[in-house]
Each structure stands twice: as structure tokens, then as C-alpha cells.
1. Name the residue, out of 76, 90, 57, whose mean-square fluctuation peaks in a Gaussian network model built on the chain with Cα pairs under 10 Å.
2. Computing the accessible area with a 1.4 Å probe over protein heavy atoms, can you report the carbon and sulfur percentage for the chain?
3. In the chain, which longest range has no GluC sites (Glu not before Pro) that are both DSSP loop (not H, G, I, E or B) and surrounded by at most 15 other Cβ atoms within 10 Å?
4. Give me the accessible area per residue for the chain, probe 1.4 Å, as a whole number in Å².
5. Which whole-number percent gives the relative contact order of the stretch 6-159, counting Cα pairs below 8 Å spaced six or more residues apart?
6. Classify the stretch 152-192 as rounded, prolate or oblate, taking a ≥ b ≥ c as the square roots of the eigenvalues of its Cα gyration tensor: rounded when a/c is under 1.5, otherwise prolate if a/b is larger than b/c and oblate if not.
7. Translational diffusion coefficient, Stokes-Einstein: compute it for the stretch 56-145 using the Kirkwood radius over C-alpha pairs as Rh, at 4 °C and 1.567 mPa s, and state it as an integer in µm² s⁻¹.
8. Let me know the shape class of the stretch 91-189, please: from the alpha-carbon gyration tensor, a ≥ b ≥ c as square roots of the eigenvalues, rounded when a/c is under 1.5, otherwise prolate if a/b is greater than b/c, or oblate.
Amino acid sequence: MPHESRIVADVEIIPLCDAVGPMGAEIRKPLPEMFPGSSFPDDAEWVLHFHCYLLRAAGRTVLVDTGIGGTDSPAASWAPVPGRIGGELAAVGVEPADVDAVVLTHLHSDHASGCVTGGVPAFPNARHLIQRAELDWVSGQTREQVVAPIEDLIEVVDGDAEVFPGIRLLHTPGHTPGHQCVEVGDLVISGDVLHHPVQLADPTITYVYDTDPAEAVRSRMAILARAAVLAPAHFAEPFSP
Ligand SMILES: [Zn+2]
Ligand SMILES: [Zn+2]
């Protein structure tokens with residue numbers, strides 16, 4: 001069952017539920033270790049949604065994040081592959097070739113792996129917007145299997161920028177060096193600036209896999225101060241509130 005879409009500032013924002021599941025054993029830890037300083041009930045489990053977002057406005061189609069990818073994805077060791085973004089797009093009448101721009105909030109394997117299918121770009125007509133700091137940082141399997149195949153489609157972004165009129169990128173480092181959010185009106189598609197609702201209640205709670213936890217707190221506070229509505233990647237609900 002698809003999540004409900006919203007219209008903000010004349011932009012239709014459609015959540016695409018790429019996957020739902022717990023984190024695989026390879027990187028899973030008890031929740032109080034994942035979010036140091038937090039407290040959870042003893043039996044608390046974390047079932048993540050993996051949300052991408054499709055934006056439609058003025059005849060343009062923008063995809064924010066591409067999900068966990070197929071069974072050969074770099075995310076396969078820990079995420080519930082295969083992702084179902086293709087089916088989610090088809091359900092709203094969008095073919096991969098229709099996508100004009102792909103924004104990658106960051107290059108973690110659960111956000112970017114769906115860019116490539118069968119070793120070739122999944123969205124062949126889209127420019128792929130990625131922060132320079134993220135491209136300088138990414139390494140290993142994700143660089144080889146996800147970034148290299150889309151190299152000719154990448155548009156490098158330095159800091160805040162505009163994708164199309166009314167759709168803005170905000171550089172929000174901390175989770176990764178080149179993490180970026182997408183702002184539409186007073187709504188921010190926030191990627192991994194927040195991972196769990198405990199960080200809404202206390203934005204100073206860090207996440208164990210943030211590359212720079214202190215900078216991540218600063219970005220989180222800045223986005224919370226700026227946005228009326230958040231669209232985080234991993235909450236059960238695609239919009240908050
Ligand atoms: Zn979902
Ligand atoms: Zn991430």
C-alpha cells in the first residue's frame with residue numbers, strides 16, 4: 001500500500017517505499033548503542049522504512065534517492081534487498097526514462113544503489129546531483145558499483161543550489177561530508193539528517209554511523225529550525241508531522 005502524497009508549493013511529493021525491514025545483523029546493535037544518550041524500552045526493535053521521494057512540478061520529474069538496489073547491491077549485506085522502487089514508480093505511472101533529475105542525499109548504499117541496474121544507469125535521462133564533498137569521500141564498493149557506472153550523468157554540486165525553480169538543495173554535512181537535503185516550500189526531504197523519532201525529541205542524540213556526530217547535530221538543529229514538515233528516509237511515516 002503506497003504512502004499518501006502531498007502537494008507543497010505546487011510541487012507534488014510522492015513517497016516511494018523502497019523497502020521495510022530491520023537492519024541486518026552485520027551492522028545492527030542494540031538501540032541505545034545506535035543512539036548514544038537515548039533510552040528505549042528493553043524490547044524495542046527498529047524496523048526501518050527506506051523511503052525515496054518523487055517530485056513532480058511543471059512537467060518535471062525529480063527523484064530524491066534511489067534506494068537499496070537489487071540483490072547484487074552493496075547494501076545487500078545488511079538491507080532487505082531487492083528494493084521495489086521500480087514497482088513504486090510504475091504504480092504512479094513513471095518510467096525510469098521519464099526521470100529528469102536524480103538527487104542523491106548521500107552515497108550510503110541504501111540511498112544510492114538503485115541508480116544502477118544490471119551494471120548500467122537505471123535512470124539514463126537524468127542528471128544525477130551529488131555534492132562534491134560526497135564524491136571526494138565515497139570509496140569501496142559504492143564507488144565502484146554505483147558511482148562509476150553513472151559517472152557521465154553526474155552533476156557535481158558545491159553547497160546549496162537549485163535543481164529546478166522551487167526545488168532547492170541544502171548542504172547538510174555530518175552524517176556524511178556531502179549529505180544534502182531537498183527543500184520545497186516549508187518541507188524538507190531530510191535524508192539521514194534524522195534516523196529515528198527520538199532525535200526529534202532530542203536533536204543532540206547522535207547516531208553511531210554519523211561520520212562527524214557533532215556536525216550532524218548542527219545540521220539537524222538547522223533543518224529542524226528551518227522546516228515545518230520533514231520527510232525523513234527511515235521513519236515509518238514518510239512525513240513528520
Ligand atoms: Zn514506507
Ligand atoms: Zn546514511
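The values are calculated or read from the model by the stated rules, or taken from the named source; none is laboratory data. The structure displayed is predicted, hence computed values, not measured ones. Neighbour counts run over all protein chains shown; Cβ positions are idealised from the backbone, glycine included. All accessible areas refer to the heavy atoms of the entire protein, side chains included, with ligands and DNA or RNA removed. Shrake-Rupley method; radii C 1.70, N 1.55, O 1.52, S 1.80 Å.
1. Taking springs between Cα atoms under 10 Å, the residue moving most is 90.
2. Working: 5160 of 10050 Å².
C and S fraction of accessible area: 51 percent.
3. That gives 46-241 as the longest site-free run.
4. Ligands and nucleic acids excluded, the figure is 42 Å² per residue.
5. 21 percent
6. Judged from the Cα gyration tensor, the stretch 152-192 comes out oblate (a/c at least 1.5, b/c at or above a/b).
7. Translational D for this selection: 97 µm²/s.
8. Here the stretch 91-189 falls in the oblate category.
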